[in-house]
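Participant: Got a structure here, written out as structure tokens. Questions coming.
The values are calculated or read from the model by the stated rules, or taken from the named source; none is laboratory data. Predicted model only: the values in this text are computed from it and were never measured. In this analysis, Cβ positions are derived from the backbone assuming ideal geometry, glycine residues included, and neighbour counts consider all displayed protein chains. Ligands, DNA and RNA are excluded from the accessible area calculation, which covers all protein heavy atoms including side chains. Shrake-Rupley method; radii C 1.70, N 1.55, O 1.52, S 1.80 Å.
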Amino acid sequence: MDQDMEDRSNLPAAQVDAYYEQLVSTYWPPLQAFILRRTGSPQDAEDIVQEAFVHAYYALERYSLQQVRTLQARPWLYKITWNVYRNYMSRIKPPAAVSLDTPSGDFLLDLDDEWQERPEAVYEQGERRRELETLVDALPEPYREVIGLYYFDDLSHQEIADLLNRPVGTIKTHVHRGLRMLRKALQTKEGRSIR
Amino acid sequence: MEHNDNERRLTTHARQQATPAWSMDSEAFASPAALALVGLGKAATYLETHPEYLTAALAYSDWVVRTAAVQVLGKQGERTPLEPLLNALQDEHVAVRAMAARALGMQGKRTPVEPLIVALHDPEWRVRTAAVLALGKLPNGTLIEPLVPMMHDAHAAVRAAVVWALGRLGEQAPIEQLVMALQDTAWSVREAAVMALKEQGERAPIAPLLTARWDEDSSVRQAAQAALDYRFEEQPGQKLVPEHMGRFPSSWLRLAAATISVVILIPLIAGLFGGDWYVSRSDTISKLIALGVVCLAISIINSIYQRKRFSAWSGQQGAQPGSGESTIPWHGVVLLAISAIALVVMTGLLLGAVTAGGPGITADIVYFILVSRLIALGCVSFTVVIVNKVFHLKR
């Protein structure tokens, strides 16, 4: 079989399985956290990510070797998961608020080791995070979504653009404006609490 | 969401409790649900190394173990007995049925077609998808009749699998159906359609692939670009454009715009530097700045209007390469000729009278004028090159 034929052929079943296992072990936790932040329900998040992975499995079955070689697994899986999530939400529930907590109950934003040892600091940080969560929730829809994907899910501008089918310039603008709104809201809130 | 609460409980239960009758402890088979659903994980690993338990595992009460057993059995090739796989296709659990369809598709010439056709009507999309993929792998060619109606399946994964399977039919692949699939609402189906059309080589029309390069989804766009790159390499001046792309200017309009952009520089140069051409140094510098601004504006307008990537293919939109039509980029040749003439005229206008001198014109001023006019010539030449380049530019 020449190189061209090999590239066009599908992955053997054993390789599909091996690659799939690798994808599950690498991306299951971040994808579950990604969906959990949106649904707030661990069971729903597990169902959605499960279904997304099964989608990915059948897609790998029909992808050519060349497609798999050039596949950017991370954005591809996020896109599949996002689609499953959107379908799920459109069928079942209204959009949920963005939650900053991870499945284990930890807060999403990084906590220093030092803070882990200081409960009062952790509590304070938790309070601030909840305030931030409320403020992010209050942002208008395109900004809330984009800010969540950019900062909490750590997706790049390009990955968000591909996920939402919007131009990358629009995403950058949304991130910029969303942050500005967030900063302004935070300042207003702090100003009010000082008074 | 097709997982109901019952299934969710089953999944969790399976991950924690799956204990076969033989010598395994309860944690031994615990695997992430995403693996268990496709027959992978610890149960499969165990059964691969202990095939003597496969028969018992196929009848085991837990679906995680049954799915793993079917998955392992399917990979055994010629040694695989078909009977247990056919029985598994009737299993109560969707994961077992889907894996049975997949396993049957791995049996090459032994793959039974009829049970897979029946499985196309399974209520679960996972089973239907696996059945379509299995039928697509038949060594003697996919069956068109049962698959074509599946292109209207409610689930995108099934439709994508159908498009993939139809694309493997070679000469018999229904091109029209594949092109129609490019209009599907799901990006995965459109992507599969692009890949299927790529497989058709010269049989596939180019226009739909070109249109797919502007799909809203990045995966579809990339697949379309890869398909076009695979089929032929675009040559400079032979840029392909989709048919019926009304929102883009026609090649003649574009040529007219580019020509005007070049020709308009002649009266501009004549107006700025002709006649009583020297008043003062500041006056000359002002003229140079004005010329620079105009040239920049012309370049920008062309870049936007010509849209970089929409140069015409052989003067005929939608023409196919390799179809025997002329591949000389006539529009580009015309523009180049007009540009050359315009440049000669402008050079004459700018440099013709420099050495003429006049009352009160010192050598110092002549040098200044010469340098100014060379700058002006550079400005217009650069603009002409930009206009030509943008007109021809490949994506």
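Participant: Quick one: count up the residues across region B:118-150 that are out of contact with any Ser or Thr (no Cβ under 8 Å at 6 or more places or on another chain), closer than 23 Å to B:Leu58 by Cβ and not small (Gly, Ala, Ser).
Facilitator: 9
Participant: Just a yes or no: is a residue in region B:107-128 in contact (Cβ under 8 Å) with a residue 24 or more places away in the chain and among the acidic types (Asp, Glu)?
Facilitator: Among the residues of region B:107-128, at least one is in contact (Cβ under 8 Å) with a residue 24 or more places away in the chain and among the acidic types (Asp, Glu), which makes the answer yes.
Participant: Among the listed residues B:Val118, B:Val64, identify the single one that is farther than 16 Å from B:Ala134 by Cα and either out of contact with any strand residue (DSSP E or B) (no Cβ under 8 Å at 6 or more places or on another chain) or assigned to a helix (DSSP H, G or I) (or both). Before the answer, list the steps.
Facilitator: Values: B:Val118 fails: farther than 16 Å from B:Ala134 by Cα.
Answer to the check: B:Val64.
Participant: If you go through region B:375-393 one residue at a time, how many are polar (S, T, N, Q) and either touching a His at 6+ places or on another chain (Cβ under 8 Å) or in contact (Cβ under 8 Å) with a residue 60 or more places away in the chain (or both)? Spell out the reasoning first.
Facilitator: Kept after step one, since they are polar (S, T, N, Q), are these residues of region B:375-393: B:381, B:383, B:388.
In the following step, the residues that additionally are either touching a His at 6+ places or on another chain (Cβ under 8 Å) or in contact (Cβ under 8 Å) with a residue 60 or more places away in the chain (or both) were identified as B:383, B:388.
Selection size over region B:375-393: 2.
Participant: Moving to a separate point now. Confirm whether B:Val113 is β-branched (Val, Ile, Thr), away from chain A (no Cβ under 14 Å) and either closer than 19 Å to A:Glu61 by Cβ or touching a Ser or Thr at 6+ places or on another chain (Cβ under 7 Å) (or both).
Facilitator: Working: β-branched (Val, Ile, Thr): yes; away from chain A (no Cβ under 14 Å): yes; either closer than 19 Å to A:Glu61 by Cβ or touching a Ser or Thr at 6+ places or on another chain (Cβ under 7 Å) (or both): yes.
Answer is yes for this residue.
Participant: Taking the options B:Leu82, B:Leu120, name whichever one is out of contact with any Cys (no Cβ under 8 Å at 6 or more places or on another chain), open to solvent by less than 10 Å² (accessible area, probe 1.4 Å) and away from chain A (no Cβ under 14 Å). Please lay out each step first, then the result.
Facilitator: On the way: B:Leu82 fails: open to solvent by less than 10 Å² (accessible area, probe 1.4 Å).
Answer to the check: B:Leu120.
Participant: Given the conditions (1) open to solvent by 40 Å² or more (accessible area, probe 1.4 Å); (2) modelled with pLDDT of 90 or more; (3) not polar (S, T, N, Q), which single one is not true for B:Arg102?
Facilitator: (1)
Participant: Now for a separate question. Take the residues of region A:11-39 that are over 21 Å from B:Leu40 (Cβ atoms) and not polar (S, T, N, Q): which is farthest from the other protein chains (Cβ to nearest Cβ)? It would help to see each step written out before you state the result.
Facilitator: Residues of region A:11-39 that are over 21 Å from B:Leu40 (Cβ atoms), as a first pass: A:33-39.
From what is left, the residues that are not polar (S, T, N, Q) are A:33-38.
Details: A:Ala33: 15, A:Phe34: 14, A:Ile35: 12, A:Leu36: 15, A:Arg37: 18, A:Arg38: 14 Å.
Only one residue tops the list, namely A:Arg37.
Participant: Sticking with this structure for a sec: Select from region A:40-62 the residues that are polar (S, T, N, Q) and at the interface with chain B (Cβ under 9 Å from one of its Cβ atoms) and write down the one among them that is most open to solvent (accessible area, probe 1.4 Å).
Facilitator: From region A:40-62, those polar (S, T, N, Q) are A:41, A:43, A:50; that's our starting set.
Filter once more, keeping what is at the interface with chain B (Cβ under 9 Å from one of its Cβ atoms): A:43, A:50.
Details: A:Gln43: 105, A:Gln50: 3 Å².
Taking the candidates together, the pick is A:Gln43.
Participant: Starting from region A:160-179, take each residue that is touching a residue at least 60 places away in the same chain (Cβ under 8 Å) and list its partners that are of a type in the set (Gly, Ala, Ser) and in a helix (DSSP H, G or I), counting only C-beta distances under 6 angstrom and pairs at least six apart or across chains.
Facilitator: Between residues of region A:160-179 that are touching a residue at least 60 places away in the same chain (Cβ under 8 Å) and residues that are of a type in the set (Gly, Ala, Ser) and in a helix (DSSP H, G or I), the close pairs are A:Asp162/B:Ser218.
Participant: Here is a list: B:Ala160, B:Ala186, B:Ala192. Which entry is within 9 Å of chain A (Cβ to nearest Cβ) and in contact with a Phe, Trp or Tyr (Cβ under 6 Å, 6 or more places away or on another chain)? Outline the logic, then answer.
Facilitator: Values: B:Ala160 fails: in contact with a Phe, Trp or Tyr (Cβ under 6 Å, 6 or more places away or on another chain); B:Ala186 fails: in contact with a Phe, Trp or Tyr (Cβ under 6 Å, 6 or more places away or on another chain).
Result of the check over B:Ala160, B:Ala186, B:Ala192: B:Ala192.
Participant: I would also like to ask the following. Answer yes or no as to whether B:Glu114 is more than 33 Å from the chain's Cα centre (by Cα), more than 22 Å from B:Ala160 (Cα to Cα) and of a type in the set (Asp, Glu). Can you show your working first?
Facilitator: On the way: more than 33 Å from the chain's Cα centre (by Cα): yes; more than 22 Å from B:Ala160 (Cα to Cα): no; of a type in the set (Asp, Glu): yes.
It is false that B:Glu114 is more than 33 Å from the chain's Cα centre (by Cα), more than 22 Å from B:Ala160 (Cα to Cα) and of a type in the set (Asp, Glu).
Participant: Give region B:142-157 a look and list any residue that's within 12 Å of chain A (Cβ to nearest Cβ) and farther than 18 Å from B:Leu116 by Cβ, or say none.
Facilitator: Of everything in region B:142-157, those that are within 12 Å of chain A (Cβ to nearest Cβ) and farther than 18 Å from B:Leu116 by Cβ turn out to be B:Ala154, B:Ala156.
Participant: Same structure again: I'd like the full set of residues that are closer than 18 Å to A:Pro12 by Cα and either outside any helix (DSSP H, G or I) or not aliphatic (A, V, I, L, M) (or both), limited to region B:142-173.
Facilitator: Across region B:142-173, the qualifying residues are B:Trp164, B:Arg168.
Participant: Given the structure, is A:Leu139 aliphatic (A, V, I, L, M), modelled with pLDDT of 85 or more and open to solvent by 30 Å² or more (accessible area, probe 1.4 Å)? Reasoning before the result, please.
Facilitator: Values: aliphatic (A, V, I, L, M): yes; modelled with pLDDT of 85 or more: yes; open to solvent by 30 Å² or more (accessible area, probe 1.4 Å): no.
For A:Leu139, the condition - aliphatic (A, V, I, L, M), modelled with pLDDT of 85 or more and open to solvent by 30 Å² or more (accessible area, probe 1.4 Å) - is not met.
Participant: Condition first: within 14 Å of chain A (Cβ to nearest Cβ) and surrounded by fewer than 24 Cβ atoms within 10 Å (Cβ to Cβ). Now tell me which residues in region B:196-211 satisfy that. Explain how you work it out, then say what you get.
Facilitator: From region B:196-211, those within 14 Å of chain A (Cβ to nearest Cβ) are B:196-201; that's our starting set.
If the condition is that a residue be within 14 Å of chain A (Cβ to nearest Cβ) and surrounded by fewer than 24 Cβ atoms within 10 Å (Cβ to Cβ), then B:Lys198, B:Glu199, B:Gln200, B:Gly201 are the ones that fit.
Participant: Within the bounds of region A:144-155, is there any residue that is in contact (Cβ under 8 Å) with a residue 60 or more places away in the chain, surrounded by 14 or more Cβ atoms within 10 Å (Cβ to Cβ), part of a helix (DSSP H, G or I) and touching a helix residue (DSSP H, G or I) at 6+ places or on another chain (Cβ under 8 Å)? Steps first, answer last, please.
Facilitator: Initially, region A:144-155 is screened for residues in contact (Cβ under 8 Å) with a residue 60 or more places away in the chain, giving A:148, A:152-153, A:155.
Still in the running and surrounded by 14 or more Cβ atoms within 10 Å (Cβ to Cβ): A:148, A:152-153, A:155.
Keeping just the survivors that are part of a helix (DSSP H, G or I) gives A:148, A:152.
Those left that are additionally touching a helix residue (DSSP H, G or I) at 6+ places or on another chain (Cβ under 8 Å): A:148, A:152.
So far as region A:144-155 goes, yes, one or more of its residues are in contact (Cβ under 8 Å) with a residue 60 or more places away in the chain, surrounded by 14 or more Cβ atoms within 10 Å (Cβ to Cβ), part of a helix (DSSP H, G or I) and touching a helix residue (DSSP H, G or I) at 6+ places or on another chain (Cβ under 8 Å).
Participant: What is the residue count in region B:137-170 for residues that are under 23 Å from the mean Cα position of the chain (by Cα) and within 21 Å of B:Ala204 (Cα to Cα)?
Facilitator: Looking only at that region, the number is 13.
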